[in-house]
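Trainee: Dumping the structure here so I can ask a few things about it.
The values are calculated or read from the model by the stated rules, or taken from the named source; none is laboratory data. For clarity, every value in this text was computed on a predicted model and none was experimentally measured. Here the Cβ is made from the backbone with ideal geometry for all residues, glycine too, and neighbour counts use every protein chain on show.
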Amino acid sequence: MRENVQLKLNGKPVSLEVDPGRPLLWVLRYDLGLTGTKYGCGEGHCGACTVLVEGSAVRSCLLRVGAVAGKEVTTIEGLARGSELHPVQKAFAEHDALQCGYCTPGMILNAVSLLRNIPRPTRSQIIETMEGNLCRCGAHKRIIEAIESAAQAMGGGQR
Amino acid sequence: MKRHDGKQRNIYDEYLERDFTDAPESEGLALPLDRRQFLQLAGGGIAVAFCIPGSLLAQQRGRRGGEGQQLPEDFNAFLRIGEDGRVTGFTGKVELGQGIITSLAQMLADELDVPLESVDMVMGDTDLCPWDRGTFGSMTTRFFGPPFRAAAAEAKAVLVELAAEKLGVTKDRLKTRDGAVYDDAGQKKVTYAELAKGKKILRHLKGAPVEKPGEFTLVGKGLDRRDAVEKVTGRAKYAGDIREPGMLCARILRPPSHDAKFLRVDTSAAREVAGTQVVQDGDLIAVLHESPDLAEQALARLKPEYDQPAASVDDRTIFDHLLKVAPPGETVAEGGNLGAGQSAAHHVVENTYLNSYVAHAPMEPHTALAKVEGNKVTIWASTQTPFALKDEAASLLGLPAQNVRVITPYVGGGFGGKSNNRQALEAVRLAKLTGKPVQVAWTRAEEFFYDTFRPAAVVKVRAGVTEAGLISFWDYGVYFAGERGSQHFYDIPNHRTVAYSGGWTGVPGSHPFATGPWRAPANNTNTFARESHIDALAAKAGIDPVEFRLKNLKDPRMRRVLEAAAKKFGWSPAKAPSGRGYGVACGTDVGTVVAHIAEVAVNKQTGSVRVKRVVCAQEMGLCVNPEGARIQMEGCITMGLGYALAEEIKFAGGKIHDSNFDTYTLPRFSWLPEIETVIVDAKESPAQGGGEPAVICMGGVLANAVFDATGARVLQLPMTPERIKAALARV
C-alpha cells in the first residue's frame, strides 16, 4: 500500500509515494539513487547501512521508511559541505582508515553520531560505540585513530 | 576440469595454489620471471627486453589455462598520455582494498617522471585493460609491476627520442621531469602531452632501462590511499551501485542445503506480487522486481519441495572423515634419513593439528549486473577474475569472447572468495532470459551458503630434538589444506613433508560443499601446525622459543625478521610456559618472510583470550608503498584474530548453519591489540608479495602465547573458550 512519505534528506525536502513498510535502505538505494548506504547483512549485525536520523546513527536495513516521515535523514552523500569534507571524513582519509571502503560510510556516520553525543570520547567509549560495525579488511586500528583525531580537530564542538 | 560435485572446476585453481616461491622447476611451472630477470627489472639497471615478461607468462599460461592469453608487448596497452597531460595507467588487476590503485600509480609516475596527481588508473575493464589472470596470490607488485614499469620506461625513452627530433637537440642532452622533456641548459622544453597528442605512440624502443633504487622519486615513499576521498564520501561505486535503465533485481531460489534434491516448486503466489516476474529455466528459479526488497517478498511466496538426505558428516566428525577419505600422499620435500634422526632424538613430540572451515565473508557480498544487447554482453561484477569471467560468460552464451565486456568497479573485499563468479553468470543467464539488465546481489545468507570456504584440514607432525637442542628429524603430513607453506625452513638434517590431497578443492566425497582459496591459502594451516610444533619442541628442550628457532635456523632473511620482531617487542629469554603469555611464530609466503610476537592474557575460568599486543616484522624485498604495506600487515593481523580465535563454519552435511554475523563472529573493535609493524629494508631485492604474508602466523603465534600463559597446548583452530578450557583440563 503506497502512501505519501515526506522527510528532509541531506538537507532537502523529499516527497515519496511508497509503501511505508519498506526498509529505508532499499528506498535510498533504489528509489532515490543514493548508493553510498551499503547492504552488508540485512539484519542489523554489521552497520554498513548506518544513516543518521535526527543526528543519531540508525541501521537503515531495519528501519521502515514510514518511520522517518517528518524527520531529518543524513546519508554519507550529505555529510560534506560542498567540497569541504566533514572532519570525520577528513580524518578517515588522512589516516588511511579504510581498505575496500565498503563499510566506510557506516563507520563514518556512526562515528559522527558518537561525536555528537560525546564530543571528547575516551578510547574505550569509541570502541564501545563502534563495536557493532564490522570491517573485514581489518582497518580497525586506523579507524579508532581517525576518530580520535577528528574529535581533537573538532575541539569538543559540533561542526 | 570437473569437480566431484559436478561443477566446473575453476581453471585457475591449480595456479592459485602456488605462491611461486617453492614451486619446483621440474614440474614445469616456470616462474613468470626468474630471479635474475627480477633483479634486472626491479632495480639492477640492466636493460631487459620488454617482451620477456609476456613470453614467460605465456609459457606458464600454457600449462595453467587462459589459452592464447598473455600480457601485450606494446607499451600503449599499459598507459596513455592525454592531450591534457593526464596519464592513464591500465591494469587487469582490480582494487579490492589492497591499495594497488595507489602503488601502481606510484610506480607509473616514478618511471615516467610525471606528477603522481596527473595519473589515473583504469582497472579490471576487459575492453580497456591488458589481459590478466586475476587479482590473487599477492601477484600485482611482483608480476604485474615489472612489465608495467618496463612499459613506462619504454614510453619515456620514446618520448625523449621524439623530443630530441622536435627540439633539434641530441638525446643525451635531454632530461625528463614533471611530464616534460627539457634540454640540459634549461632553454628548451616540450611536454609529453605535446608529443603524444592523446594518441597511441607508434614508435617503439626495446630495452629501455628501468630506474634503479637510487633513482626512485616516489617508489619507496609511504603514500596515502588515492581512493580515500571517493570512499569517504560514498561516491565510490561498487557493482551493486551501478544502475541501467529498465534494470531488474533478481532473487534466486536456493536449496536449504548443498545435498538437497529439488523436487518441484509452486510459483503461483509469487506471481501475485505486483511488478514481479518469475523465471524458471531448469535449475534456475528466480523472481525479479525493480526493487530487491519486493523481489525478496515474492521469493518468500515460492513453495518449493526438496528431498533432504540424512547428514553424513558435521563440524565435529569432519576431521575423522577427512583422514578416512584422504588420497595417497605426495612428497613435497625430503632429505636425510628419518630413522637416523629418530635415533639421535632425546625428546620426540607427536601432535595432530586441526582447523575448521572458515568463511571469506567480505563486507560486500557477491554482486553483478549483466546487460545483453543482441550478441553483446556487458557485466559489472565484484570479481577478482574479470578476464576469467569474460571467458565464462562467453562460453555460457555460446558467444565469441570479444563480445563480452567485464567492468570491475571497486570491489568490497575478496580474500580469494571472489575468484568464483557464480553470481555474475546467474545475472548473465537471467539477463538473457528476460531481455533486461539484471542485477544479482547476494544476500548475506547466500554469501555464506555459496562461499568457497577455506577447507577444514588436519596436520600430523612427529619431530625430535637432540640433547643439545637441535631438531634431529621432522616428519610432517598435511591433509586437505594444500601444500603452500608446508615446507619447513629450519635447519633439519632428516625431514619429510607429505601433502595428502594438496589442493583446496579436495577429492570426491571429501568436503560436503565448495572449498577454495582463502587469503594465503594453505599457509595459515601449515604455519599454525609448524610453529606450534616448533614451540612444543622448544618447550621439551627447555629452551626459550626465540632462541630455539635461531639455534635451528640458517636462512638469513628469516633470522633477520625474527631478530627484528624480538627487538621491537623487547623480548627477554625465558623457557615456556613462563606465565607471561608471550608467543612467537615465523613463516614465509609469496616470497616474503614474516615473524610475529604476541602477548596474550588468558582467563582460565572462562577460557577467553585477550590479545594485548602483536608485533610483526616483514621483509618483502623492494617495498613500493610502505604505508600501503603497513595497512596490509595491520589488516592481516586483525583478520587473523578471527580464524585463530573464533571463526568456524558450523554445518551438518550440506546444510550450513551460519547464515549471518549473529552466529559467525568476525573480529571486532574490542578485540584489537596494540599492533606494531616493522618493514625490514631490502630495497635492492625484487619486490615480493604484501597482501597475504602477515596473516599466516596468527594461529601459531596466539597458540604459542596461550601455551606460554597457561602451559596448555591448543591443537585446534579456532581456539574457542571451550577448546582452551579443554586444553587447560589436560595440563
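Trainee: Of the residues in the stretch A:40-60, how many are more than 7 Å from chain B (Cβ to nearest Cβ) and more than 12 Å from the chain's Cα centre (by Cα)?
Mentor: At the first step, the residues of the stretch A:40-60 found to be more than 7 Å from chain B (Cβ to nearest Cβ) are A:44, A:47, A:49-60.
With more than 12 Å from the chain's Cα centre (by Cα) added as a condition, the list becomes A:44.
Residues that pass the stated criteria total 1.
Trainee: Something else now. Tell me the residue from B:F651, B:F707, B:F661 that is aromatic (F, W, Y) and within 26 Å of B:L537 (Cβ to Cβ), please. Explain how you work it out, then say what you get.
Mentor: On the way: B:F651 fails: within 26 Å of B:L537 (Cβ to Cβ); B:F661 fails: within 26 Å of B:L537 (Cβ to Cβ).
Answer to the check: B:F707.
Trainee: Let me ask you something else. Has the stretch B:637-651 got at least one residue that is surrounded by fewer than 21 Cβ atoms within 10 Å (Cβ to Cβ), in contact (Cβ under 8 Å) with a residue 24 or more places away in the chain, more than 28 Å from B:A536 (Cβ to Cβ) and more than 12 Å from every other protein chain (Cβ to nearest Cβ)?
Mentor: Yes, the stretch B:637-651 contains at least one residue that is surrounded by fewer than 21 Cβ atoms within 10 Å (Cβ to Cβ), in contact (Cβ under 8 Å) with a residue 24 or more places away in the chain, more than 28 Å from B:A536 (Cβ to Cβ) and more than 12 Å from every other protein chain (Cβ to nearest Cβ).
Trainee: Could you check B:R549 against (1) in contact (Cβ under 8 Å) with a residue 60 or more places away in the chain; (2) in contact with a Phe, Trp or Tyr (Cβ under 8 Å, 6 or more places away or on another chain) and say which number it fails?
Mentor: (1)
Trainee: Another question about this same structure. Could you list, in sequence order, all residues of the stretch B:179-200 that are over 35 Å from the mean Cα position of the chain (by Cα) and either under 19 Å from B:T88 (Cα atoms) or not assigned by TED's automatic domain parsing to the domain that holds B:D84 (or both)? Spell out how you get there, then give the answer.
Mentor: First, the residues of the stretch B:179-200 that are over 35 Å from the mean Cα position of the chain (by Cα): B:180-199.
Hits for the stretch B:179-200 are B:A180, B:V181, B:T191, B:Y192, B:A193, B:E194, B:L195, B:A196, B:K197, B:G198, B:K199.
Trainee: Test B:E154 against the stated conditions and say whether it is at pLDDT 95 or above, in the same structural domain as B:D74 (by TED's automatic domain parsing), farther than 21 Å from B:G89 by Cα and part of a helix (DSSP H, G or I). If you could, list the steps in order and put the result at the bottom.
Mentor: Values: at pLDDT 95 or above: yes; in the same structural domain as B:D74 (by TED's automatic domain parsing): yes; farther than 21 Å from B:G89 by Cα: no; part of a helix (DSSP H, G or I): yes.
Considered against the rule, which asks whether it is at pLDDT 95 or above, in the same structural domain as B:D74 (by TED's automatic domain parsing), farther than 21 Å from B:G89 by Cα and part of a helix (DSSP H, G or I), B:E154 comes out as no.
Trainee: What's the number of the only condition in (1) polar (S, T, N, Q); (2) under 35 Å from the mean Cα position of the chain (by Cα); (3) surrounded by fewer than 16 Cβ atoms within 10 Å (Cβ to Cβ) that B:Q280 fails to meet?
Mentor: Unmet for B:Q280, out of (1) polar (S, T, N, Q); (2) under 35 Å from the mean Cα position of the chain (by Cα); (3) surrounded by fewer than 16 Cβ atoms within 10 Å (Cβ to Cβ): (2).
Trainee: Residues A:G106, A:G101: which one is outside any helix (DSSP H, G or I) and either farther than 30 Å from B:T135 by Cα or modelled with pLDDT of 95 or more (or both)? Can you show your working first?
Mentor: On the way: A:G106 fails: outside any helix (DSSP H, G or I).
Step by step, each of A:G106, A:G101 is checked, and only A:G101 is outside any helix (DSSP H, G or I) and either farther than 30 Å from B:T135 by Cα or modelled with pLDDT of 95 or more (or both).
Trainee: Hey, can you tell me all the residues within the stretch B:460-514 that are in a strand (DSSP E or B) and over 24 Å from B:D555 (Cα atoms)? Steps first, answer last, please.
Mentor: Residues of the stretch B:460-514 in a strand (DSSP E or B): B:460-465, B:471-479, B:494-500.
Correct list: B:K460, B:Y479, B:Y500.
Trainee: Continuing with this model, one more query. Working only within the stretch B:82-123, note down all residues that are in contact with a Ser or Thr (Cβ under 7 Å, 6 or more places away or on another chain) and either within 14 Å of another protein chain (Cβ to nearest Cβ) or free of Cβ contacts under 8 Å to residues at least 12 places away in the same chain (or both).
Mentor: Scanning the stretch B:82-123 gives B:V94, B:L96, B:I100, B:S103, B:M123.
Trainee: In the stretch B:658-672, which residues are in contact (Cβ under 8 Å) with a residue 12 or more places away in the chain and either surrounded by fewer than 20 Cβ atoms within 10 Å (Cβ to Cβ) or within 9 Å of chain A (Cβ to nearest Cβ) (or both)? Give the derivation first.
Mentor: The first filter runs over the stretch B:658-672 and keeps only residues in contact (Cβ under 8 Å) with a residue 12 or more places away in the chain, leaving B:658-661, B:663-667, B:671-672.
Residues satisfying the conditions are B:S659, B:N660, B:F661, B:T663, B:T665, B:L666, B:P667, B:W671, B:L672.
Trainee: Looking at B:A270, B:A310, which is the one that is surrounded by fewer than 14 Cβ atoms within 10 Å (Cβ to Cβ), small (G, A, S) and away from chain A (no Cβ under 14 Å)? Full working, then the answer.
Mentor: Details: B:A270 fails: surrounded by fewer than 14 Cβ atoms within 10 Å (Cβ to Cβ).
Of B:A270, B:A310, the one residue that is surrounded by fewer than 14 Cβ atoms within 10 Å (Cβ to Cβ), small (G, A, S) and away from chain A (no Cβ under 14 Å) is B:A310.
Trainee: Check whether at least one residue in the stretch B:537-546 is touching a residue at least 40 places away in the same chain (Cβ under 8 Å), surrounded by 22 or more Cβ atoms within 10 Å (Cβ to Cβ) and within 29 Å of B:M139 (Cα to Cα), and report yes or no.
Mentor: no
Trainee: Report whether or not B:D84 is buried (at least 24 other Cβ atoms within 10 Å of the Cβ), acidic (D, E) and in a loop (DSSP other than H, G, I, E, B).
Mentor: Numbers: buried (at least 24 other Cβ atoms within 10 Å of the Cβ): no; acidic (D, E): yes; in a loop (DSSP other than H, G, I, E, B): yes.
Judged against the criteria, B:D84 is not a match.
Trainee: Among the residues of the stretch B:431-446, is any within 23 Å of B:D589 (Cα to Cα) and not polar (S, T, N, Q)? I'd like the intermediate steps shown before the answer.
Mentor: Step one: of the stretch B:431-446, the residues within 23 Å of B:D589 (Cα to Cα) are none.
No; the residues of the stretch B:431-446 include none that is within 23 Å of B:D589 (Cα to Cα) and not polar (S, T, N, Q).
Trainee: Please work out which residue is farthest from the other protein chains (Cβ to nearest Cβ), limiting yourself to the stretch B:220-267 and to residues that are farther than 30 Å from A:G78 by Cα and among the hydrophobic types (A, V, I, L, M, F, W, C).
Mentor: B:L263
Trainee: Let me ask something else about it. Go through (1) surrounded by 13 or more Cβ atoms within 10 Å (Cβ to Cβ); (2) in a loop (DSSP other than H, G, I, E, B) and name the single condition B:Q187 misses.
Mentor: Result: B:Q187 fails condition (1) only.
Trainee: Go through the stretch A:123-159 and report how many residues are within 13 Å of another protein chain (Cβ to nearest Cβ), outside any helix (DSSP H, G or I) and not charged (D, E, K, R).
Mentor: Of the residues in that region, 7 qualify.
Trainee: Let me ask something additional. Would you check which residues across the stretch B:287-307 are away from chain A (no Cβ under 14 Å), farther than 17 Å from B:P256 by Cβ and touching a residue at least 40 places away in the same chain (Cβ under 8 Å) and list them?
Mentor: Selection gives nothing.
Trainee: Just for the stretch A:72-128: of the residues that are in contact (Cβ under 8 Å) with a residue 60 or more places away in the chain and aliphatic (A, V, I, L, M), which one is surrounded by the fewest Cβ atoms within 10 Å (Cβ to Cβ)? Walk me through it before giving the result.
Mentor: Step one: of the stretch A:72-128, the residues in contact (Cβ under 8 Å) with a residue 60 or more places away in the chain are A:72-75, A:77-78, A:86-88, A:90-91, A:102-103, A:105-107, A:110, A:112-113, A:116-117.
After this cut, where a residue has to be aliphatic (A, V, I, L, M) as well, the list is A:73, A:88, A:91, A:107, A:112.
Details: A:V73: 24, A:V88: 28, A:A91: 26, A:M107: 28, A:V112: 26.
So, considering only residues that are in contact (Cβ under 8 Å) with a residue 60 or more places away in the chain and aliphatic (A, V, I, L, M), the one surrounded by the fewest Cβ atoms within 10 Å (Cβ to Cβ) is A:V73.
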